[in-house]
Structure formats: structure tokens, C-alpha cells
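This report refers to the structure that appears directly beneath it.
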Amino acid sequence: KNSLGIGVLKIIFSYFFSLMLAIMINEVRHTMFKRVVQTVSYLPHFVSWVVAANLVFVTLSPDSGIVNEVLLKLGIVKSPIAFMGKANLFWLIVALAEVWKNSGYSAIVYLSAMTAIDPSLYESADIDGAGRFTKIFHITLPSIAPTIKTLLVLSIGRLLSVGFEQVYVLKSASTMETATTLEVYIYDFAMKYGQWSKGSAMS
């Protein structure tokens with residue numbers, strides 16, 4: 001259940017956010033700003049999950065975390081929330097951490113597909129008076145549809161591979177109920193209890 005839940009949320013958030021990010025970057029006309037946004041967005045991909053998890057813990061900290069600070073300033077909550085200690089939020093936190101870390105890198109595939117779109121299509125649309133959203137929905141998305149479908153199929157194929165390292169470093173004693181995925185369970189079974197043969201078979 002945990003593996004499927006996290007896997008589905010990762011597909012929904014990461015897949016669609018990567019596509020939206022690619023479209024937004026593609027629509028930027030200022031070349032230097034475009035390059036800066038691209039670089040900043042895909043840099044987290046090269047950070048290990050150990051470092052990334054620490055950043056997540058600091059960001060969501062009830063003591064000085066920026067998320068709690070903003071929620072308190074806006075009056076949305078009256079007291080800080082211990083996000084990383086709430087089992088019912090663990091799936092969502094893992095999915096959003098995945099979005100932050102890998103969406104920028106995944107968007108590169110969509111951006112490369114967009115470079116193959118014939119510029120004359122956009123020029124014709126401009127002559128016809130089409131706006132940006134019209135061009136996105138009637139030119140950009142249909143042109144990269146094969147890439148979108150292929151990446152969706154590949155994402156579904158990795159549904160149960162939710163990322164051992166990410167889940168393992170983000171889990172805590174209070175979130176074990178929703179953090180024990182197949183990969184974590186197999187690792188614990190083999191490493192903690194020394195059941196190497198059974199652990200290998202389950203893997």
C-alpha cells in the first residue's frame with residue numbers, strides 16, 4: 001500500500017510538474033533568464049538524497065522552518081506543525097521532495113522535444129492572432145505528445161520503485177507505518193534480521 005501510494009503520487013506530481021515547468025521555460029523569451037532558470041531548476045538533481053533530506057527537514061522544522069514561519073505569519077496555523085513527525089503527511093512530503101529534486105532535470109527531455117517543433121507553426125499562429133495559451137494547447141502539446149506518452153509509460157513501469165534512499169533518509173520512528181515501502185521492508189528484512197536468501201528472493 002505504501003509503495004503504491006507513494007508511487008502514484010510521484011507520477012501525478014513529478015510527471016505533470018515537469019511538463020508544466022518545461023512549457024513555462026519554453027515560453028520565456030529572455031535568453032539569459034531562461035538559462036538561469038534552467039540551471040537553478042535542475043541543480044537539485046545532482047544533490048544526494050542525504051543532503052536533500054536534511055534540507056527538507058530544515059525547511060519543515062517546527063522550530064525555525066520556513067514553511068511554519070510562513071504559515072504562522074499568514075495566520076493559517078496558530079502553532080508550528082511537526083510535518084516530518086506526521087505519518088499521514090509522509091507520502092505527500094516524499095512526492096513533493098521528488099518534485100523539487102528531479103522535475104527540473106526531467107523537464108530537459110520535454111525541452112529537447114520542443115526544439116524539434118517547426119517554428120513556422122508558431123509564425124502562422126501569430127498571423128492568425130493566436131495567443132500564448134492557444135499555441136501551447138494547439139501546437140506545443142500536440143507536437144510533443146509522443147514524448148509525453150512514452151515518459152508516462154516509463155513512469156508507470158517504475159511504479160513500485162519509489163526510491164529506497166529517499167524514503168529511508170526521510171522516514172522516522174513516528175512515520176514507520178506509512179514509510180515502510182517494499183524496498184525498505186526488504187532491506188530491513190535482509191540487513192537487520194540477517195535473512196539474506198529470503199531478502200534476495202523478495203527483491
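The values are calculated or read from the model by the stated rules, or taken from the named source; none is laboratory data. Here the structure is a predicted model, which is why all the values come from computation and not from measurement. Quick reminder, even Gly has a Cβ in these numbers, built from the backbone with ideal geometry, and neighbours come from all protein chains shown. We work out accessible area using only protein heavy atoms, side chains counted, and drop any ligands, DNA or RNA first. Shrake-Rupley method; radii C 1.70, N 1.55, O 1.52, S 1.80 Å.
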Original post:
Hey, how many Å between the Cα centroid of region 144-161 and the Cα centroid of region 8-34?
Top reply: 16 Å
Original post:
With every protein chain present, what accessible area does LEU182 have (1.4 Å probe, heavy atoms only), rounded to the nearest 10 Å²?
Top reply: 90 Å²
Original post:
Where the Cα atoms of the chain are projected onto their three principal axes, how long is each span, largest first, in whole Å?
Top reply: 67, 48, 26
**OP:** With label points built 7 Å along Cα→Cβ from the Cα atoms of PHE16 and TYR193, find their separation and express it in nm.
**Re:** 3.9 nm
Original post:
In the chain, carbon and sulfur make up what percent of the accessible area (probe 1.4 Å)?
Top reply: 66 percent
Subject >> 18 Å Cα-Cα threshold exceeded, pairs from LYS73/LYS101; LYS10/LYS149; LYS171/LYS198; LYS10/LYS171; LYS86/LYS171; LYS10/LYS192 >> reply: LYS73/LYS101; LYS171/LYS198; LYS10/LYS192
Original post:
What figure in square angstrom, to the nearest 10, would you give for the accessible area of SER64 with a 1.4 Å probe?
Top reply: 90 Å²
Original post:
Just the accessible area per residue of region 1-150, please: how many Å² with a 1.4 Å probe?
Top reply: 59 Å²
**OP:** Give the distance, in whole Å, between the Cα centre of region 117-141 and the Cα centre of region 35-109.
**Re:** 35 Å
